[in-house]
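Undergrad: First the structure, then my questions, so here it is.
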Amino acid sequence: MHARYGVPLGITAVGAAGLAYAACFEVRSFRLRRITVPVLPRGMRPLRVLQVSDIHMVSGQRKKQRWLQSLAGLRPDFVVNTGDNLSDPEGVPEVLDALGPLMEFPGAYVFGSNDYYGPKPRNPARYLLEKASGKHGLNGNPPVVGAIHNPWTELRDAFDAAGWVGLSNTRGRLKLEDIEIALTGLDDPHIKRDRYAEVAGGPESGADLSLAVVHAPYLRVLDAFAADRYPLILAGHTHGGQLCIPFYGALVTNCDLDARRVKGLSQHQAGGHTSYLHVSAGCGTNRYTPVRFACPPEATLLTLTPQTP
């Protein structure tokens, strides 16, 4: 009996323990990633940029709310929100409560698909199938039927009222005392709302720094930003793979970005130019897959420094 059933029972026990860890501990084990990116003109003072992404707020997530509120203690120069704030149509008040202290700082934002539409139950294996087929979101897949519409305009109005700059297929600027930041953003490529032709042309003259912002880091968008010579691109969407294999990494990115760059700082080359790319692993999950494994939830404090000679 022991020889016949011992191994299957052992595997079941390990699997159950891993699931409990992923659902009960790691998904609430919030971390702050700190990185330095040399993209500023020489002689310019360093800038501290807090990137928050993929909050996927569901009503009742008090620990997540408190952690996001605490990030205001970092005193960033400005905040960039790279979308997917919601995973619950009733979650807008909690998002605004969580981000309230951060909205006291200058900021900019783009939206992701989950800001516009509520999630539906989904077989996680579909992410592997989409990776194999090269079809993600509305890129090659049929439109979603019976989608739940989230109250995204309430988020937009609150962010705008706080002075945050909306970057959905448009440009904007942030004034930081004697420094002016130009930002170019796109609506979410995952649901084919990006319109690069409306913002093409590269960094603006007269600004001290130009940044590119998008929710989902699809290659067509990264190619366009890099070819237009943006020094830094900020994105989210991938959840860092969400369910990763220790010592191996992510299996999927939920877009056509390679898994090697699923989170953190990397580089992207296009048109003879190289841009830095930072992809946030985000701090939430879809409400129907509330687990993380070997991929803790995070926000990132990017310290921008002068370029090296």
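Undergrad: I'd like to verify a number: residues in the stretch 196-229 that are within 14 Å of Gly166 (Cβ to Cβ) and in a loop (DSSP other than H, G, I, E, B), how many?
TA: 3
Undergrad: Sort out which residues of the stretch 146-172 are among the polar types (S, T, N, Q) and in a loop (DSSP other than H, G, I, E, B), and write them in order of number.
TA: Those that are among the polar types (S, T, N, Q) and in a loop (DSSP other than H, G, I, E, B): Asn150, Ser168, Asn169.
Undergrad: How about the stretch 49-145: which helices (runs of 4 or more DSSP H) wholly inside it have at least 1 residues that are surrounded by fewer than 23 Cβ atoms within 10 Å (Cβ to Cβ) and modelled with pLDDT under 95?
TA: 125-133
Undergrad: Condition (residue is out of contact with any Ser or Thr (no Cβ under 7 Å at 6 or more places or on another chain) and of a type in the set (Val, Ile, Thr)) applied to the stretch 272-280: is it met by at least one residue?
TA: Within the stretch 272-280, one or more residues are out of contact with any Ser or Thr (no Cβ under 7 Å at 6 or more places or on another chain) and of a type in the set (Val, Ile, Thr).
Undergrad: Got at least one residue in the stretch 262-280 being touching a Gly at 6+ places or on another chain (Cβ under 8 Å), surrounded by fewer than 17 Cβ atoms within 10 Å (Cβ to Cβ) and of a type in the set (A, V, I, L, M, F, W, C)?
TA: Within the stretch 262-280, none of the residues are touching a Gly at 6+ places or on another chain (Cβ under 8 Å), surrounded by fewer than 17 Cβ atoms within 10 Å (Cβ to Cβ) and of a type in the set (A, V, I, L, M, F, W, C).
Undergrad: What is the one condition in (1) in contact (Cβ under 8 Å) with a residue 60 or more places away in the chain; (2) within 17 Å of the chain's Cα centre (by Cα) that Glu130 does not satisfy?
TA: Status for Glu130: all satisfied but (2).
Undergrad: Tally time: how many residues in the stretch 283-303 are under 23 Å from Asn81 (Cβ atoms) and touching a Ser or Thr at 6+ places or on another chain (Cβ under 8 Å)?
TA: Residues meeting the conditions: 13.
Undergrad: Can you name every residue in the stretch 199-257 that is among the basic types (Lys, Arg) and either more than 30 Å from Glu177 (Cβ to Cβ) or in contact with an Asp or Glu (Cβ under 9 Å, 6 or more places away or on another chain) (or both)?
TA: Arg220
Undergrad: Of everything in the stretch 148-172, what is touching a Phe, Trp or Tyr at 6+ places or on another chain (Cβ under 8 Å) and either open to solvent by 40 Å² or more (accessible area, probe 1.4 Å) or among the β-branched types (Val, Ile, Thr) (or both)? Give them in sequence order.
TA: Residues satisfying the conditions are Ile148, His149, Trp152, Arg156, Val165, Ser168.
Undergrad: Another question, then. Is there any pair linking a residue in the stretch 257-271 that is closer than 13 Å to Gly240 by Cβ to one that is at pLDDT 95 or above and assigned to a helix (DSSP H, G or I), with Cβ under 7 Å and at least six apart or on different chains, and which?
TA: Cβ pairs passing all conditions: Leu257/Leu219; Ala259/Gly241; Val262/Gly240; Val262/Gly241; Lys263/Gly240.
Undergrad: May I pose another question? Take the residues in the stretch 173-192 that are without any contact (Cβ under 8 Å) to a residue 60 or more places away in the chain and either under 30 Å from Lys120 (Cβ atoms) or part of a loop (DSSP other than H, G, I, E, B) (or both), then tell me which one is most open to solvent (accessible area, probe 1.4 Å).
TA: Result: Glu177.
Undergrad: Continuing with this model, one more query. Any residue in the stretch 233-244 that is closer than 27 Å to Leu47 by Cβ, outside any loop (DSSP other than H, G, I, E, B) and open to solvent by 10 Å² or more (accessible area, probe 1.4 Å)?
TA: Checked against the condition, which is being closer than 27 Å to Leu47 by Cβ, outside any loop (DSSP other than H, G, I, E, B) and open to solvent by 10 Å² or more (accessible area, probe 1.4 Å), the stretch 233-244 yields at least one hit.
Undergrad: I'd like the full set of residues that are within 23 Å of Ile191 (Cβ to Cβ) and out of contact with any His (no Cβ under 6 Å at 6 or more places or on another chain), limited to the stretch 67-83.
TA: Val80, Asn81
Undergrad: Does Asp97 satisfy the criteria of being in contact with a Gly (Cβ under 7 Å, 6 or more places away or on another chain) and of a type in the set (D, E, K, R)?
TA: No: the conditions fail for Asp97.
Undergrad: Sort out for me the strands (runs of 3 or more DSSP E) sitting completely within the stretch 249-309 that have 1 or more residues that are under 18 Å from Gly112 (Cβ atoms).
TA: Passing ranges, in order: 273-279, 298-306.
The values are calculated or read from the model by the stated rules, or taken from the named source; none is laboratory data. Just so we're clear, the structure is a prediction, and the values are computed from it rather than from any experiment. A quick note on method: Cβ atoms are made from the backbone with ideal geometry, for glycine too, and the neighbour counts reach across all protein chains shown. Accessible surface is based on the protein model in full, side chains and every heavy atom, while ligands, DNA and RNA are left aside. Shrake-Rupley method; radii C 1.70, N 1.55, O 1.52, S 1.80 Å.
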